[in-house]
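Below: one structure, written as structure tokens.
The values are calculated or read from the model by the stated rules, or taken from the named source; none is laboratory data. Computed from a predicted structure; not experimentally measured. Cβ placement follows ideal geometry from the backbone for every residue including glycine, while neighbour counts extend to all protein chains displayed.
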């Protein structure tokens, strides 16, 4: 998924780096990847930035080299040890494409912490990047955190057709609060004219009940309901659980950026991607729905397992995601649903 998102955002990232480099006054460009995780996708981003930067540096015929400084950010629970073991063997594989060109020196550091807090000193960063991470909220809305005497989103773990409108508004308000804070924090940390390139899970429709994020987590909620029916999960456990996420529309993102009024929007576009990250076909038919069901279930498990295990216990995981894989396969047989991803490029106002 992340690799496909990077390909789609490449031309936006290229433009941001080119314009930053053309006005760069320092001898170091600072780049931060927010929500980097701990896998190969992080290295793909680092390589892409080095590749783009080298191209523009040599196209402009600059004799003075500029260093690149990367900060890789994620929550403290991220496996940074694994990440840096990978980085220890990392070499820029694009060097063969730049024979005779001057390659920048690059330095890579970890930056653990929530991107809903300050992470860097004032005016320290030239470029922020985040890919498929900003749909996660800082928390579940307080009224849905499971500590209340009554549960407002019974049998659901996110927004579905049976979610009351006032609960939908709680999810929306949490997103507005979090994303507004995110923009204000990054504005403080960016240099004047600094850039952000963000790819976000979103939705095509302005209707909050309509969205592929809703569908994929709605099916996971159905699988949890089946475990309740089998007596493997208590109903109260399900009723008290909600995922801390929200997939916004293009209109919602534009409205928040305009309301915060700290950035100029340089670019925004929406594109679609198959649920199954290994399915590159363009048609409307899934050729192996059972395999795609397993692939999707594995991807969703990778990002939700810590939350689910913490709330329900690890004992249900195997049964839950086996059931979920079957439900996804059945869904894809009827409809080849796709994710809607939104790429947005912002420039800090001076």
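When the stretch 316-350 is examined, which residues are found to be farther than 22 Å from residue 245 by Cα, surrounded by fewer than 21 Cβ atoms within 10 Å (Cβ to Cβ) and without any contact (Cβ under 8 Å) to a residue 60 or more places away in the chain?
Those that are farther than 22 Å from residue 245 by Cα, surrounded by fewer than 21 Cβ atoms within 10 Å (Cβ to Cβ) and without any contact (Cβ under 8 Å) to a residue 60 or more places away in the chain: 318, 322, 326, 329, 330, 333, 334, 335.
Touching a residue at least 12 places away in the same chain (Cβ under 8 Å), touching a helix residue (DSSP H, G or I) at 6+ places or on another chain (Cβ under 6 Å) and under 21 Å from residue 13 (Cα atoms): which single residue out of 126, 135 fits that description?
126
Scan the stretch 314-324 and give yes if some residue there is in a helix (DSSP H, G or I), over 18 Å from the mean Cα position of the chain (by Cα) and at pLDDT below 95, otherwise no.
Scanning the stretch 314-324 turns up no residue that is in a helix (DSSP H, G or I), over 18 Å from the mean Cα position of the chain (by Cα) and at pLDDT below 95.
Taking the condition touching a helix residue (DSSP H, G or I) at 6+ places or on another chain (Cβ under 7 Å), within 23 Å of residue 160 (Cα to Cα) and outside any helix (DSSP H, G or I), does residue 243 pass?
Criteria met by residue 243.
Would you be able to say whether some residue in the stretch 198-208 is part of a helix (DSSP H, G or I) and either free of Cβ contacts under 8 Å to residues at least 60 places away in the same chain or in contact with a strand residue (DSSP E or B) (Cβ under 9 Å, 6 or more places away or on another chain) (or both)?
Within the stretch 198-208, none of the residues are part of a helix (DSSP H, G or I) and either free of Cβ contacts under 8 Å to residues at least 60 places away in the same chain or in contact with a strand residue (DSSP E or B) (Cβ under 9 Å, 6 or more places away or on another chain) (or both).
Whether any residue in the stretch 159-167 is part of a loop (DSSP other than H, G, I, E, B), in contact (Cβ under 8 Å) with a residue 40 or more places away in the chain, crowded, with 20+ Cβ neighbours inside 10 Å and touching a helix residue (DSSP H, G or I) at 6+ places or on another chain (Cβ under 9 Å) is what I want to check.
yes
With the structure loaded, tell me whether residue 46 is modelled with pLDDT of 85 or more, part of a helix (DSSP H, G or I), over 18 Å from residue 346 (Cα atoms) and out of contact with any helix residue (DSSP H, G or I) (no Cβ under 6 Å at 6 or more places or on another chain) or whether it fails that test.
So residue 46 fits the description; yes.
Just for the stretch 263-289: of the residues that are modelled with pLDDT under 95 and not in a loop (DSSP other than H, G, I, E, B), which one is farthest from residue 156 (Cα to Cα)?
Among those that are modelled with pLDDT under 95 and not in a loop (DSSP other than H, G, I, E, B), it is 271.
Suppose we keep only residues that are at pLDDT below 95 and assigned to a loop (DSSP other than H, G, I, E, B) within the stretch 210-239. Which one would you say is surrounded by the most Cβ atoms within 10 Å (Cβ to Cβ)?
Only one residue fits best here, namely 211.
For the stretch 246-259, what are the residues that are in contact with a helix residue (DSSP H, G or I) (Cβ under 9 Å, 6 or more places away or on another chain) and surrounded by 16 or more Cβ atoms within 10 Å (Cβ to Cβ)?
246, 247, 248, 252, 253, 256, 257 - these are the residues of the stretch 246-259 that are in contact with a helix residue (DSSP H, G or I) (Cβ under 9 Å, 6 or more places away or on another chain) and surrounded by 16 or more Cβ atoms within 10 Å (Cβ to Cβ).
Tally the residues that are surrounded by 16 or more Cβ atoms within 10 Å (Cβ to Cβ) and not in a loop (DSSP other than H, G, I, E, B), restricting the search to the stretch 103-142.
12
Could you check residue 183 against (1) outside any loop (DSSP other than H, G, I, E, B); (2) surrounded by fewer than 17 Cβ atoms within 10 Å (Cβ to Cβ); (3) touching a helix residue (DSSP H, G or I) at 6+ places or on another chain (Cβ under 7 Å) and say which number it fails?
Tallying (1) outside any loop (DSSP other than H, G, I, E, B); (2) surrounded by fewer than 17 Cβ atoms within 10 Å (Cβ to Cβ); (3) touching a helix residue (DSSP H, G or I) at 6+ places or on another chain (Cβ under 7 Å), residue 183 fails exactly one: (2).
Considering only residues of the stretch 51-89 that are part of a loop (DSSP other than H, G, I, E, B), surrounded by 11 or more Cβ atoms within 10 Å (Cβ to Cβ) and touching a strand residue (DSSP E or B) at 6+ places or on another chain (Cβ under 8 Å), which is modelled with the lowest pLDDT?
78
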